[in-house]
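Visitor: First the structure, which I've put down as structure tokens, then a few questions once you've had a look.
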Amino acid sequence: MRFALSTEQLDFAAELRKILDAGQVPAAVRAWADGDTGKGRAILRQIAEMGVFGLIVDEKYDGADATTVDLVVALIELGRGAVPGPVIESAAVIPALLQRLADDAPARRWLSALASGQALGTITFEPQRGIALDAEIAEPVLVATDGRLALGRLSRSDVETSADAAPGSVASIDPARKLCRVTADESIAEGPEVEAAIDYAFDTGVLACAAQLLGAGRSILEQTTSYAKQRKQFGRAIGEFQAVKQQLADVRIALDLAEPLVYRAALTLDSADRARDVSAALVTCGDAAHRAARTGLQVHGAIGYTAEFDLSLWLTKVAALRTAWGTADFHRGRIADSLRAAEPAAATI
């Protein structure tokens, strides 16, 4: 079976890329890291106007009721652009969760605002140990653990970064990722059906993270290739040296091999293979993006990791996203469990 994106999906991705290229995202990311979210929110509103935050939201909540593949197409571009903020949570996870609750009151309360970009939401799951992204500016802040969904509130933590840190703030390798520790407060829903919805939403987040990693890896490759064509040593562009060409080719191959896993996971999100496929996508995209980051840093040299150089924004984003939705060991364990469960029972003699 051959899978290919439609013309509409390719055009949608191209339009998103134009908006992000024109939006001075690096400046917005640096401002976000400094606590000024104005520039970042302006970019997110532009993205919302294109319908990104309402892609998988039902029409009755003012969404587009599009497919998960459409969402992946958008998130790859947002990863390529290193867009700040709780994009995964607002565009993918919370819509997936709230629309699977028996009580539609929470969906009616928040989804229209999220779909329009007027609000940003965030959520934390059990594997994330109560740590939520951008909880200080998000509405709603949700805590999903042990088959219970609740509103969250900021809590003070032992791992505050400094005496001036916000309550519950947690350090991240990516300065633009404002992490806060939150605790469950007002209960919204609980029970076996809620637990199933939470599991589905978590896997949606894993898939969204894989898509962003893929996009970030591709951006690093593009930036590194461009730099290799311009930087000269011994009178030649370093991109002409075979060793550099080989490293860039290896990155391209890794990213190209990771991409089909993301789209497969998007297509099987509603199947019994969901957990296996999203975990495989995250591990593979994480490894490919990490290879891109290592090669990018090696080709650029030490300048690539300086805060003043734009490449550093993607390097730190990749480093943070690789474990934001579970470590590689966690996801490899899920893949192994799924494969063992699928093995036919041993024949008895």
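The values are calculated or read from the model by the stated rules, or taken from the named source; none is laboratory data. Keep in mind the model is a prediction, meaning the values are calculated, not measured. Heads up, the Cβs are rebuilt from the backbone with ideal geometry, glycines too, and the neighbour counts pull from every protein chain shown.
Visitor: In the stretch 128-150, what residues are in contact (Cβ under 8 Å) with a residue 60 or more places away in the chain and among the β-branched types (V, I, T)?
Guide: The answer is I137, and nothing else.
Visitor: Could I ask something else about it? Kindly indicate whether A66 is farther than 24 Å from H290 by Cα, of a type outside the set (K, R), surrounded by fewer than 24 Cβ atoms within 10 Å (Cβ to Cβ) and modelled with pLDDT of 95 or more. Working first, answer last.
Guide: On the way: farther than 24 Å from H290 by Cα: yes; of a type outside the set (K, R): yes; surrounded by fewer than 24 Cβ atoms within 10 Å (Cβ to Cβ): yes; modelled with pLDDT of 95 or more: yes.
Here the answer is yes, as A66 does meet what is asked.
Visitor: Okay, next question. Of all residues being farther than 22 Å from R45 by Cβ and out of contact with any Leu (no Cβ under 7 Å at 6 or more places or on another chain) in the stretch 103-117, which is surrounded by the most Cβ atoms within 10 Å (Cβ to Cβ)? Just the residue, please.
Guide: In this case the residue turns out to be D104.
Visitor: Identify the single condition in (1) more than 22 Å from V57 (Cβ to Cβ); (2) within 19 Å of the chain's Cα centre (by Cα); (3) surrounded by fewer than 17 Cβ atoms within 10 Å (Cβ to Cβ) that Q128 does not satisfy, given that it satisfies every other one.
Guide: (3)
Visitor: Residues being over 18 Å from A92 (Cβ atoms) and either of a type in the set (K, R) or touching a residue at least 60 places away in the same chain (Cβ under 8 Å) (or both): count how many of those fall in the stretch 260-283.
Guide: 3
Visitor: Within the group A265, A237, which residue is closer than 19 Å to L214 by Cβ and surrounded by 11 or more Cβ atoms within 10 Å (Cβ to Cβ)?
Guide: Values: A237 fails: closer than 19 Å to L214 by Cβ.
Answer to the selection: A265.
Visitor: So is A254 buried (at least 22 other Cβ atoms within 10 Å of the Cβ), among the small types (G, A, S) and at pLDDT 95 or above or not? I'd like the intermediate steps shown before the answer.
Guide: Numbers: buried (at least 22 other Cβ atoms within 10 Å of the Cβ): no; among the small types (G, A, S): yes; at pLDDT 95 or above: yes.
Considered against the rule, which asks whether it is buried (at least 22 other Cβ atoms within 10 Å of the Cβ), among the small types (G, A, S) and at pLDDT 95 or above, A254 comes out as no.
Visitor: As an exercise: evaluate L207 against (1) within 28 Å of L269 (Cα to Cα); (2) in a strand (DSSP E or B); (3) in contact with a Ser or Thr (Cβ under 8 Å, 6 or more places away or on another chain) and give the number of the one condition it does not meet.
Guide: (2)
Visitor: Mind telling me which of the residues E15, E89 ends up being within 24 Å of L213 (Cβ to Cβ) and crowded, with 21+ Cβ neighbours inside 10 Å?
Guide: Working: E15 fails: crowded, with 21+ Cβ neighbours inside 10 Å.
None of the other options fit; the residue is E89.
Visitor: I would also like to ask the following. Within the stretch 93-127, which residues are outside any helix (DSSP H, G or I) and either in contact with a His (Cβ under 8 Å, 6 or more places away or on another chain) or among the β-branched types (V, I, T) (or both)? Quick ask: steps written out before the conclusion?
Guide: Within the stretch 93-127, the subset outside any helix (DSSP H, G or I) is 99-104, 117-125.
Answer for the stretch 93-127, where residues must be outside any helix (DSSP H, G or I) and either in contact with a His (Cβ under 8 Å, 6 or more places away or on another chain) or among the β-branched types (V, I, T) (or both): T122, I123, T124.
Visitor: Under 9 Å between Cβ atoms, which residue pairs at least 6 apart in sequence (or on different chains) link something in the stretch 1-27 that is closer than 20 Å to A266 by Cα with a partner that is surrounded by fewer than 13 Cβ atoms within 10 Å (Cβ to Cβ)?
Guide: Matching pairs, first to second residue: F3/P260.
Visitor: Does D58 meet the test of being closer than 30 Å to E190 by Cβ, of a type outside the set (K, R) and at pLDDT below 95?
Guide: Values: closer than 30 Å to E190 by Cβ: yes; of a type outside the set (K, R): yes; at pLDDT below 95: no.
Taking the combined requirement at face value, the residue does not satisfy it.
Visitor: Has the stretch 295-310 got any residue that is crowded, with 21+ Cβ neighbours inside 10 Å, assigned to a helix (DSSP H, G or I) and either free of Cβ contacts under 8 Å to residues at least 40 places away in the same chain or in contact with a Gly (Cβ under 7 Å, 6 or more places away or on another chain) (or both)?
Guide: Yes, the stretch 295-310 has at least one match.
Visitor: Also: Quick check on the stretch 325-334. Is at least one of its residues out of contact with any Leu (no Cβ under 9 Å at 6 or more places or on another chain) and either at pLDDT below 90 or crowded, with 17+ Cβ neighbours inside 10 Å (or both)?
Guide: Taking the stretch 325-334 as the starting set, the residues that turn out to be out of contact with any Leu (no Cβ under 9 Å at 6 or more places or on another chain) are 327, 329-330, 332-334.
So of that shortlist, the ones also either at pLDDT below 90 or crowded, with 17+ Cβ neighbours inside 10 Å (or both) come out as 334.
Yes - at least one qualifying residue is present in the stretch 325-334.
Visitor: Quick one: how many residues across the stretch 212-259 are without any contact (Cβ under 8 Å) to a residue 24 or more places away in the chain, part of a helix (DSSP H, G or I) and over 30 Å from V93 (Cα atoms)?
Guide: Number of matching residues: 11.
Visitor: Something else: So which residues in the stretch 128-142 are under 25 Å from D65 (Cα atoms) and either of a type in the set (K, R) or in a strand (DSSP E or B) (or both)?
Guide: At the first step, the residues of the stretch 128-142 found to be under 25 Å from D65 (Cα atoms) are 138-142.
Correct list: V141, L142.
Visitor: Being in contact with an Asp or Glu (Cβ under 9 Å, 6 or more places away or on another chain) and surrounded by fewer than 21 Cβ atoms within 10 Å (Cβ to Cβ) is the filter here, so list the residues in the stretch 190-227 that pass it.
Guide: Those that are in contact with an Asp or Glu (Cβ under 9 Å, 6 or more places away or on another chain) and surrounded by fewer than 21 Cβ atoms within 10 Å (Cβ to Cβ): E190, E195, Y200, Q223.
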